[in-house]
Amino acid sequence: MKNISKLSGILLILFLLNSCYYDKEDQLYPSSGICDTSIPVTYTATIVPMLQQYCYSCHGGTATLGGGIPMGTYASDKAMAVNGSLYGSIAHASGYSAMPKGGNKLTACQLAKVKQWVDGGSLNN
Ligand code: HEC
């Protein structure tokens with residue numbers, strides 16, 4: 001009996017330790033698709049850093065690898081959001097070229113954040 005209660009004590013501690021990790025799962029395992037929805041999505045804080053990392057190298061500023069399709073200003077990014085090609089391309093929807101070209105598909109969490117920005121009216125916030 002003693003051993004069993006000791007064992008369940010250890011299991012409880014392991015369980016509690018494990019749940020600490022769970023809180024940070026989005027940061028530890030970004031591909032898990034678990035999103036921290038407590039952080040509001042904004043163009044400057046959420047969308048631009050993401051597009052900078054995955055898109056602007058080909059589409060931004062003077063980059064020439066983006067097939068002449070511009071990104072990197074609010075006007076160009078919003079236009080892409082409004083015509084559906086921003087989300088369509090990163091979600092690999094049929095009828096759109098899959099983006100980022102030659103790279104891995106963005107995570108479910110990243111897709112959800114872009115969708116939230118687009119659905120919210122792609123504001124310049
Ligand atoms: C390695 C370069 C490269 C990267 C990185 C890249 N693109 Fe592209 N993208 C292209 C090229 C080249 C085209 C034009 C040819 C085509 O459609 O495949 C294009 C086309 C597009 C189009 C038009 C496709 C359509 O079906 O209308 C959109 C929208 C787009 N890219 C969005 C993005 C987004 C958003 C990202 C980042 C998540 C991104 N691209 C990353 C090279 C790139």
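Nothing in this text is a laboratory measurement; each read-out follows from the coordinates by a stated rule. Because the structure is predicted, anything quoted here is derived from the model rather than measured. FYI the Cβ positions are ideal-geometry reconstructions off the backbone, even for glycines, and counts take in every protein chain you see.
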Between residue 52 and residue 93, the FRET efficiency computed from the C-beta separation at R0 = 25 Å comes out, to the nearest 0.05, as 0.65
Subtracting the Cα-Cα distance of residue 105 and residue 69 from 0.36 nm times their residue separation yields 11.0 nm
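Taking the mean number of other Cβ atoms within 10 Å as a proxy for protection, how do you rank 86-98, 57-69 from highest to lowest? All intermediate terms of the calculation are to be shown ahead of the outcome.
On the way: 86-98: 15.1, 57-69: 12.9.
Going from most to least packed, we get 86-98, 57-69.
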